[in-house]
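Presented below is the structure to which this report refers.
The values are calculated or read from the model by the stated rules, or taken from the named source; none is laboratory data. The model shown is predicted, which means the values in this text are computed figures rather than measured ones. Because the Cβ atoms are built from the backbone with ideal geometry, glycine has one as well, and the counts that use them run over all protein chains shown.
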Amino acid sequence: MKTIFKFLLNLFPRTFLIRISFLFRPFLKFFYQGNDYKDPIDGSTFRMLLPYGYQNQRRNVLSPSTLSLERHRLLWLFLKNETDFFKKNLKVLHFAPEQAFYKRFRKLKNLNYTTTDLNSPLADIKADICNLPFKDQTYDVVLCNHVLEHIPDDTKALREIYRILKPNGWAILQIPQDYKREQTFEDDSITDPDDRTRIFGQYDHVRVYGMDYFDKLKQVGFVVKPITYTNNFSAQERDYYRLADKEIIPLVIKPIH
């Protein structure tokens, strides 16, 4: 099974896999049902989860029902337990919407919810994150998860997110981050897809973020609140929900001047 999933991930474009995934989810949910692990997004429980990864596959991480990964389940728990996302009337912009969230956020009556991306079939508005077609101070909340590592000029993208956020608006800007690396690494001279996968973790990533990512967010103007939310859960709970042992949620707020 592990080899099959790795083959599919590398053979087909992600947009195609998104379009066809709904055909397989009912079968996967039934086949993997059990009581050892729980997806908090929909409450389903499983005997095991699926493997996932373009290079080094991680075992037991992809939910058969929502197709969520560790970061999605942690973010859901954070939004549910620590914010008013599910209760307050909010205008929300979601970049490259994840399948685990898309339909659920769309159904929330308290949200004025818009999705955007250049390529995703789930995007309401096709737009370049570095040149957004939205007015200043439009959104209360922005979700932009695992997008910036694909963007050559990530500073310009961050400035656009800052621009469209309302004062006191907040955003979650997750990225794949090497917590042992102080400085972000990028090298445009590396062009071979296999080399890029080996060095950056995925063929279409342009950098590996280090701990200086939070300084970059501050330089754009955000108030930065890195939250190691996994610390709120016991080791047993982290295993039950299949969360990463360490995952920092980069929460940022646009200050009121």
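Is it the case that Leu74 is hydrophobic (A, V, I, L, M, F, W, C), in contact with a helix residue (DSSP H, G or I) (Cβ under 7 Å, 6 or more places away or on another chain) and part of a loop (DSSP other than H, G, I, E, B)? Spelling it out, it is not the case that Leu74 is hydrophobic (A, V, I, L, M, F, W, C), in contact with a helix residue (DSSP H, G or I) (Cβ under 7 Å, 6 or more places away or on another chain) and part of a loop (DSSP other than H, G, I, E, B).
Among the residues of region 112-121, the ones that are closer than 13 Å to Val147 by Cβ and at pLDDT below 95 come to 3 in all. The set of residues in region 80-104 that are assigned to a loop (DSSP other than H, G, I, E, B), within 13 Å of Asp140 (Cα to Cα) and either in contact with a strand residue (DSSP E or B) (Cβ under 6 Å, 6 or more places away or on another chain) or of a type in the set (Ser, Thr, Tyr) (or both) contains only Thr83.
Would you call Tyr102 modelled with pLDDT of 95 or more and either crowded, with 20+ Cβ neighbours inside 10 Å or on the phi < 0 side of the Ramachandran plot (or both)?
On the way: modelled with pLDDT of 95 or more: no; either crowded, with 20+ Cβ neighbours inside 10 Å or on the phi < 0 side of the Ramachandran plot (or both): yes.
Here the answer is no, as Tyr102 does not meet what is asked.
Yes or no: region 113-120 includes at least one residue that is in a loop (DSSP other than H, G, I, E, B), of a type outside the set (Asp, Glu) and buried (at least 18 other Cβ atoms within 10 Å of the Cβ). Steps first, please.
Taking region 113-120 first, the residues in a loop (DSSP other than H, G, I, E, B) are 118-120.
Adding the requirement that they be of a type outside the set (Asp, Glu) leaves 118-120.
Remaining after also requiring buried (at least 18 other Cβ atoms within 10 Å of the Cβ): 120.
Within region 113-120, one or more residues are in a loop (DSSP other than H, G, I, E, B), of a type outside the set (Asp, Glu) and buried (at least 18 other Cβ atoms within 10 Å of the Cβ).
Table: residues versus (1) aromatic (Phe, Trp, Tyr); (2) more than 20 Å from the chain's Cα centre (by Cα); (3) under 26 Å from Ile164 (Cα atoms); (4) not assigned by TED's automatic domain parsing to the domain that holds Thr83.
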| residue | (1), (2), (3), (4) |
| --- | --- |
| Gly201 | no, no, no, no |
| Val206 | no, no, yes, no |
| Met211 | no, no, yes, no |
| Lys216 | no, no, yes, no |
| Val220 | no, yes, yes, no |
| Thr228 | no, no, no, no |
| Tyr241 | yes, no, no, no |
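Among the residues of region 209-257 satisfying the criterion of being among the aliphatic types (A, V, I, L, M) and exposed (fewer than 15 other Cβ atoms within 10 Å of the Cβ), which is modelled with the highest pLDDT? Even if it seems obvious, please write down each step before you answer.
Start the filter on region 209-257 by keeping residues that are among the aliphatic types (A, V, I, L, M), which leaves 211, 217, 220, 223-224, 227, 235, 243-244, 248-249, 251-253, 256.
Those left that are additionally exposed (fewer than 15 other Cβ atoms within 10 Å of the Cβ): 223, 235, 256.
Values: Val223: 98, Ala235: 95, Ile256: 93.
Checking each candidate, the answer is Val223.
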